[in-house]
Amino acid sequence: MSQHIRLANAEDYPRIMEIWESAVKATHDFLAEEDFNDFKEAIPRDYLPNLDVYLITEDNDPKGFASVAEGNLEMLFIHNDTRGKGYGKTLYHFMKEKTGLTKVDVNEQNLQAIGFYEKMGFKKIGRSEKDGSGKDYPLIHMSL
């Protein structure tokens, strides 16, 4: 089994959205259905085309993806079927080396993610009442 990390292209978007949906359903049970659907439309339309998105694959099957903008880890999602197998850690370390990221914003209700980033060495440095799109999901700002 060979793991590989590569830049995603538009043909990967359907699989990226499958990964996103499976990860979000497993970890973001606080997300209202309407907001889930908003994000599901907005991500491939507004976010993916404007970001360098990296896919982690196993035997050419994408298992997760991540993106960094201006030193901020914007996304890191692993398919729920393969969580806990080290993909997230591998992808995180790759992104850190490649981009020099230092910050991440995490939904306050997503305790698993907060725990993951604390293990990676992040500290909580602040909090916002609303998320980046102005919705009522508090964010924890974390920094290395």
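What follows is calculated from the coordinates using simple rules that are stated; it is not laboratory data. Worth saying up front: this structure is predicted, and the values here are computed from it rather than measured. Neighbour counts are summed over all protein chains in view; Cβ atoms, including those assigned to glycine, are modelled from backbone coordinates with ideal geometry.
Odds and ends about this structure:
- Single unsatisfied condition, GLY86 versus (1) under 23 Å from ALA26 (Cα atoms); (2) in contact (Cβ under 8 Å) with a residue 12 or more places away in the chain: (2)
- Taking first residues from the stretch 32-55 that are within 15 Å of ASP131 (Cβ to Cβ) and partners that are in a helix (DSSP H, G or I) and basic (Lys, Arg), the Cβ contacts under 9 Å between residues at least 6 apart in sequence or on separate chains come to PHE36/LYS25.
- Per-region count, the stretch 103-144, residues of a type in the set (S, T, N, Q) and surrounded by 15 or more Cβ atoms within 10 Å (Cβ to Cβ): 4
- Residue within the stretch 48-61 that is among the hydroxyl-bearing types (Ser, Thr, Tyr), closer than 19 Å to VAL104 by Cβ and out of contact with any Lys or Arg (no Cβ under 9 Å at 6 or more places or on another chain) present: no
- Scan the stretch 104-144 for residues that are farther than 25 Å from PHE36 by Cβ and of a type outside the set (Phe, Trp, Tyr) and the total you get is 10.
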